[in-house]
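The next block holds one structure in the form of structure tokens; read it before the comments.
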Amino acid sequence: MMMMMSLLSGSDDPKNSRKLAANLRRRVNVDVAYTHSVNYEEPIIDEQELRGSLFQVDDDTYILAFDSVIAGTTVTNTLKLQADTLSWVIIGNTHARQTFKEGEWYSNQFFVDGNTLMCRNKCRRMDSHFNDDGGFIDLFYELYSGDAHLGHYSLEVYIH
């Protein structure tokens with residue numbers, strides 16, 4: 001924790017690091033809506049109201065951490081929004097590492113039940129906004145494994 005605070009503040013003085021980290025982090029309510037649709041069939045929608053922590057690293061970088069439930073199991077989500085790129089890491093029974101930037105292709109890695117699945121995503125739309133009252137992330141993307149289209153996905157995160 002001290003190393004993280006030192007990295008955030010650029011200072012080796014623990015008192016200054018703690019003070020800056022306290023100003024940058026706050027507990028927030030997080031409303032998450034995750035939608036998945038294959039071949040434009042009826043979408044699967046998962047909505048959750050959660051608690052999390054929001055960190056402002058600098059003017060263009062925010063980190064949101066929260067626990068959610070996937071398939072009945074609690075997982076930890078970390079979303080890092082830096083300018084126009086979103087990194088999303090999920091840790092639990094299902095592990096995933098995904099990166100998104102509007103109009104770009106990125107590789108993704110999923111770990112489920114001891115198996116690894118490599119995919120790629122095409123981010124069709126990404127919008128976000130943060131201020132003192134909270135913020136939102138709105139993401140729409142397609143997921144592929146090889147030539148197989150795995151569906152259309154959306155992630156909406158409202159922070160308040």
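What follows draws every value from the coordinates through simple rules; no lab data is involved. Predicted model only: the values in this text are computed from it and were never measured. Positions of Cβ are generated from backbone atoms using ideal geometry, with glycine treated the same way; all protein chains shown enter the neighbour counts.
If only the Cβ of Lys and Arg carry +1 and only the Cβ of Asp and Glu carry -1, the dipole of the chain around its Cα centre is close to 640 debye. Modelled spin-label separation between T35 and D138, with each label point placed 7 Å from Cα along the Cα-to-Cβ direction: 1.1 nm. Go through (i) 39, 21, 12; (ii) 24, 20, 14; (iii) 30, 17, 16 and flag the label whose value is the computed semi-axes √(5λ) of the Cα gyration tensor in Å for this structure. Derived directly from the coordinates: (iii).
The charge dipole of the stretch 119-160, taken about its Cα centre with unit charges on the Cβ of Lys, Arg, Asp and Glu (plus for the first two, minus for the last two), comes to roughly 280 debye. Relative to the longest principal axis of the Cα atoms of the chain, helix 14-24 runs at roughly 50 degrees.
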